[in-house]
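Undergrad: Handing you a structure now.
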Amino acid sequence: MENIEKRIKELEEEIRQTPKNKATEKHLALLKAKLARLREERESIKGGGKRHLDIAIKKRGDATVVLIGFAGVGKSTLLRKLTRAEPKVAEYPYSTSNPQVGMMEYNYAKIQVMDLPGIVRERHSKEKIREILSFARVADLVLLIFDPFTVSEKQKIENLLTEFNFRLNRAKPLITIEKRASGGLIINKSRDCKLSVEKIKSLLKGLGLHNGIITINCDATEEDIIDSFFRNRIYVPAIKILNKMDLLSAEEVREIKEFFPISAEKGINLEELKRKIWEILELKRIYLKPKGREIEERPLIVKGNPTLREISKRIFGKEAKKAYLIKGRNMKREVSLDYIPKDKEIVEFKI
Ligand SMILES: Nc1nc2c(ncn2[C@@H]2O[C@H](COP(=O)(O)OP(=O)(O)OP(=O)(O)O)[C@@H](O)[C@H]2O)c(=O)[nH]1
Ligand SMILES: [Mg+2]
């Protein structure tokens, strides 16, 4: 372990001291990739260590939203307001020591909300922070909560999340890396990719890959290639929230851009927040009409853009023969099973 630590320090130093220009680009890519590999190795050794929070939380409901933030910003207060859960809320920080969950009902969807212990840099070890954040691996959406006292430190939380492999609000890069036993490195890249073949090869060598096929179908960065190699990165959407907006003037709230302002305690903007959560989660209500009967009262909740074929398999365990959209009384139109229904559409299946 000490040895890895030492090599990491040496590499960091070498990267710092290398001038950044055209001539050194390739070498820097190699060093960066080597560093990423060592860091990964260090994590895998530490990951096997003892656990502090000995609990497991099952994913339930139609989607899971996780609240992350420094201690005392109001995460537990927000959980109480969004769900019927009653976690401890206290004036002193670090009041939540284990993850708490509640279920939020919105548009008939059941959205699991998970409140995590507040992160405190000075008080928590890296291992502890890793452990807290590891609960967010199941998240379909992360809410990064700040208050007026911590908003200037947003970068710290973002850096920690990046360090522990979260990639917020970023699409997964279209890169595949196939390892081979021999044959050297074969690079297939689309026009979008502006990295030179030489640089890509340096990165892969730094990662310890000397034989394989890499296919890049996006405007990839060096980090994207490193990320794709390790395969353990979590691509998840996030909303940055400024809580306790009641403590600020309207003018001050406006100045804090890119944050969604709320007051959990005073209940300000919470309906708007729920709507935003619903939109980002890409949830849809599909109303089913059994043949010859009334439309079912509770819709089926689906995530993303499934086709009618996929939906019929999910509810009947097999593919429907036909599907119809119902538009008002006596208005029934047959649609293809490849049709992707929109929110609130009414569907009748023939099975
Ligand atoms: N003024 C104001 N105070 C709030 C608001 N939301 C929460 N608080 C207060 O902030 C304090 C901390 O709230 P918690 O919900 O316990 O915060 P937490 O983020 O869960 O804290 P830890 O579990 O310690 O990380 C409490 O005194 C809350 O009453 C808000 O919208 N406005
Ligand atoms: Mg709490």
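The values are calculated or read from the model by the stated rules, or taken from the named source; none is laboratory data. The model shown is predicted, which means the values in this text are computed figures rather than measured ones. Glycine gets a Cβ as well: all are built from the backbone with ideal geometry, and neighbour counts include every protein chain shown.
Undergrad: Out of the residues in the stretch 84-114 meeting the condition of being within 12 Å of ligand 2 (Cβ to nearest atom) and among the aromatic types (Phe, Trp, Tyr), tell me which one is modelled with the highest pLDDT.
TA: Tyr92
Per-residue answers, yes or no, for (1) loosely packed, with under 11 Cβ neighbours inside 10 Å; (2) assigned to a loop (DSSP other than H, G, I, E, B); (3) over 27 Å from the mean Cα position of the chain (by Cα):
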| position | (1), (2), (3) |
| --- | --- |
| Pro306 | no, yes, no |
| Ile311 | no, no, no |
| Ile315 | no, no, yes |
| Ala320 | no, yes, yes |
| Ala323 | no, no, yes |
| Gly328 | yes, yes, yes |
| Asp338 | yes, yes, yes |
| Pro341 | no, yes, no |
| Lys344 | no, yes, no |
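Undergrad: Any chance you could count how many residues in the stretch 200-233 are assigned to a helix (DSSP H, G or I) and buried (at least 18 other Cβ atoms within 10 Å of the Cβ)?
TA: Here the count works out to 13.
Undergrad: If you don't mind, there's one more thing I want to ask. So how many residues does the stretch 183-199 have that are of a type outside the set (A, V, I, L, M, F, W, C) and either surrounded by 18 or more Cβ atoms within 10 Å (Cβ to Cβ) or within 18 Å of Lys22 (Cα to Cα) (or both)? Before the answer, list the steps.
TA: To start, the set of residues in the stretch 183-199 that are of a type outside the set (A, V, I, L, M, F, W, C) comprises 183-184, 188-192, 194, 196, 198-199.
Then drop every residue that is not either surrounded by 18 or more Cβ atoms within 10 Å (Cβ to Cβ) or within 18 Å of Lys22 (Cα to Cα) (or both), which leaves 189, 194, 196, 198-199.
The number of residues fulfilling the criteria is 5.
Undergrad: Okay, moving on. Among the candidates Val73, Val120, single out the residue that is surrounded by fewer than 16 Cβ atoms within 10 Å (Cβ to Cβ) and either within 13 Å of ligand 2 (Cβ to nearest atom) or modelled with pLDDT of 90 or more (or both).
TA: The unique qualifying residue is Val120.
Undergrad: How many residues, within the stretch 284-301, are at pLDDT 95 or above and in contact with a Lys or Arg (Cβ under 6 Å, 6 or more places away or on another chain)?
TA: 2
Undergrad: A further question follows. Restricting to the stretch 245-262, name every residue that is outside any loop (DSSP other than H, G, I, E, B) and either in contact with a strand residue (DSSP E or B) (Cβ under 6 Å, 6 or more places away or on another chain) or within 16 Å of ligand 2 (Cβ to nearest atom) (or both).
TA: Met245, Asp246, Val253, Phe260, Pro261
Undergrad: Does the stretch 130-148 contain at least one residue that is free of Cβ contacts under 8 Å to residues at least 24 places away in the same chain and surrounded by 12 or more Cβ atoms within 10 Å (Cβ to Cβ)?
TA: Of the residues in the stretch 130-148, the ones free of Cβ contacts under 8 Å to residues at least 24 places away in the same chain are none.
For the stretch 130-148, residues free of Cβ contacts under 8 Å to residues at least 24 places away in the same chain and surrounded by 12 or more Cβ atoms within 10 Å (Cβ to Cβ): absent.
Undergrad: Still on this structure: What number goes with the only condition from (1) in contact with a Lys or Arg (Cβ under 8 Å, 6 or more places away or on another chain); (2) surrounded by 20 or more Cβ atoms within 10 Å (Cβ to Cβ) that Leu273 does not pass?
TA: Only one criterion is unmet by Leu273, namely (1).
Undergrad: Here is a further query. From the list Ile286, Ile311, which residue is more than 26 Å from Val66 (Cα to Cα) and among the aliphatic types (A, V, I, L, M)? Steps first, answer last, please.
TA: Numbers: Ile286 fails: more than 26 Å from Val66 (Cα to Cα).
Every option except Ile311 fails the conditions.
Undergrad: Now, a different point. Being closer than 13 Å to Asp224 by Cβ, charged (D, E, K, R) and not in a helix (DSSP H, G or I) is the filter here; which residues of the stretch 180-199 pass it? Before the answer, list the steps.
TA: Of the residues in the stretch 180-199, the ones closer than 13 Å to Asp224 by Cβ are 189, 192-195, 199.
Right, trim to charged (D, E, K, R) and you get 189, 192, 194, 199.
Scanning the stretch 180-199 gives Lys189, Asp192, Lys194.
Undergrad: Right, another one. Mind checking whether some residue in the stretch 282-290 is assigned to a helix (DSSP H, G or I) and touching a residue at least 12 places away in the same chain (Cβ under 8 Å)?
TA: No: zero hits.
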